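First the structure, in the form of structure tokens, and then the observations on it.
The values are calculated or read from the model by the stated rules, or taken from the named source; none is laboratory data. Just so it is clear, the structure is predicted and the values come from calculations on it, not from any experiment. Cβ sites come from the backbone with ideal geometry, for glycine too, and all protein chains shown count toward neighbours.
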Amino acid sequence: MRVARVARIATRTNRDARASSSSSSSSSSSSTPRAAQRRPSDRGSAHRAPWSGLERWRALGLDHRRRWSDEGEGKSGGVNNAVECDGVDAVGEGASRVDTGKDASSSSPLASWCLARRARDIVNTSDPREKARKTHEAYVALVRGEIPIASEAFAASPEMPKKPARPSAPKLVPPKEVPSPKNSPLGPIAHVMHNVAHIELNAIDLAWDTVGRFASLRGALPDQFYVDFAHVADDESRHLLWCLQRLEELGVSYGDMVAHDVLWEGAEATSDDPLARLAVVPCMQEARGLDAGPRLVERLIGHGDVRSAAIIRRISDEEVGHVAVGATWFRTVCDALSDAGADDASKEAVASATFRSYITKLAPDALRGPFNVDDRARAGIDPTWYADADTAAAVSVEKKLYAADIETVRRLRERLGHVVALEQSAP
């Protein structure tokens with residue numbers, strides 16, 4: 001995406017994001033005000049109301065619960081309930097400081113790091129639990145107004161690692177070498193929980209990579225964009241810890257089974273294009289999670305594991321908000337790049353055609369069902385986004401992404417095809 005297009009994003013998105021002081025000073029290194037966190041004003045498409053729960057999700061208090069308990073199930077401050085309970089702080093002045101396990105005071109070197117620099121550090125952290133801890137610490141600091149989103153120095157050269165740091169296990173293999181549930185060395189229940197833990201670990205890195213890699217677009221993209229993806233990362237860190245906890249209860253460790261790297265390959269294939277990133281990661285990868293969630297819950301209940309099923313059900317429910325974030329920002333960028341003066345129906349048609357254009361090039365197998373139509377619609381992804389027939393022309397997108405790294409795109413397409421086939425063959 002080139003400078004002219006970025007300027008167009010800035011003009012149109014800032015027009016819809018005037019209320020918070022963070023928008024008016026988005027080029028500076030000052031911290032995002034707490035009021036902006038509590039009542040975000042950088043909305044998605046102005047012509048189309050976003051998912052009804054998005055503002056509630058943005059306004060949720062800090063959730064410090066790192067362990068799952070059956071007593072807490074159904075009381076989460078999740079996207080549907082948007083309530084506070086034990087372990088959840090208000091976002092405002094009354095929030096008490098979370099015990100992160102390490103000093104995050106002004107004497108800590110981390111205290112001087114902006115959110116984007118912390119994002120790079122987290123992606124470079126190999127230990128899953130430490131990655132989750134740093135994630136929550138960074139989001140807490142952001143919400144409380146203790147750190148800026150991006151310093152001028154970082155935004156000028158937002159270097160992010162090509163690949164995230166990973167523990168020595170699991171071994172990463174092509175998707176076709178990952179065992180099916182029937183052939184899993186862990187058994188069917190632990191197999192599901194291990195796969196979901198691996199997905200959540202990748203999801204943390206994908207969200208932080210989006211924050212850090214596109215920090216140079218701050219000002220074109222409003223501050224709420226970065227706040228949203230930091231919030232997503234924090235949610236994913238909680239999900240990861242729930243899965244790791246359940247694996248331990250089942251007598252299994254993360255890494256006891258091989259895994260694939262397809263999710264991160266989606267990040268590599270979209271590293272130069274924020275619109276492609278939004279299409280592939282939240283709007284495609286996380287939407288596939290919405291499709292799989294109910295099936296996994298039914299499978300776990302069928303095996304008699306209500307506790308694991310409850311964890312997966314909660315994760316799947318909270319993922320609706322993450323898909324909604326992606327769909328909202330995808331529409332926002334599409335609107336900025338499309339012709340001015342288009343009516344609402346035309347803009348939505350352009351967004352759906354643009355999504356299909358990207359996914360057809362990068363991950364065509366993801367356009368194959370079955371789809372969880374209801375949850376996708378709740379998140380703001382209309383069936384026209386993944387329908388076969390084109391009803392409008394997509395916005396003009398850069399070809400550089402596909403020409404520059406054909407091998408990455410080819411590998412992503414091939415491996416995702418294996419993943420989709422494995423999902424469809426699972427009982």
Subset of segment 316-354 that is among the hydroxyl-bearing types (Ser, Thr, Tyr) and under 19 Å from the mean Cα position of the chain (by Cα) - its residue that is surrounded by the fewest Cβ atoms within 10 Å (Cβ to Cβ): Ser316
Selected residue [in a helix (DSSP H, G or I), surrounded by 21 or more Cβ atoms within 10 Å (Cβ to Cβ) and either charged (D, E, K, R) or modelled with pLDDT under 95 (or both)] from Arg277, Arg313, Arg307: Arg277
Total residues in segment 106-134, condition of a type in the set (Gly, Ala, Ser), modelled with pLDDT of 95 or more and part of a helix (DSSP H, G or I): 3
Any hit, segment 381-390, residues being more than 22 Å from the chain's Cα centre (by Cα), assigned to a loop (DSSP other than H, G, I, E, B), modelled with pLDDT under 90 and under 19 Å from Ala287 (Cα atoms): yes
Which numbered condition Met257 misses (of (1) of a type in the set (A, V, I, L, M); (2) within 20 Å of Asp127 (Cβ to Cβ); (3) in a helix (DSSP H, G or I)): (3)
Residue match in segment 229-242 (condition: over 21 Å from Trp68 (Cβ atoms), part of a helix (DSSP H, G or I), at pLDDT below 95 and not basic (Lys, Arg)): no
Segment 135-189, subset out of contact with any Asp or Glu (no Cβ under 8 Å at 6 or more places or on another chain), of a type in the set (A, V, I, L, M, F, W, C) and in a loop (DSSP other than H, G, I, E, B), residue surrounded by the most Cβ atoms within 10 Å (Cβ to Cβ): Ala150
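Results for (1) within 19 Å of Lys162 (Cβ to Cβ); (2) in a helix (DSSP H, G or I); (3) out of contact with any helix residue (DSSP H, G or I) (no Cβ under 9 Å at 6 or more places or on another chain), shown as yes or no for each residue.
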| position | (1), (2), (3) |
| --- | --- |
| Gly251 | no, no, no |
| Glu265 | yes, yes, no |
| Val281 | yes, yes, no |
| Arg295 | no, yes, no |
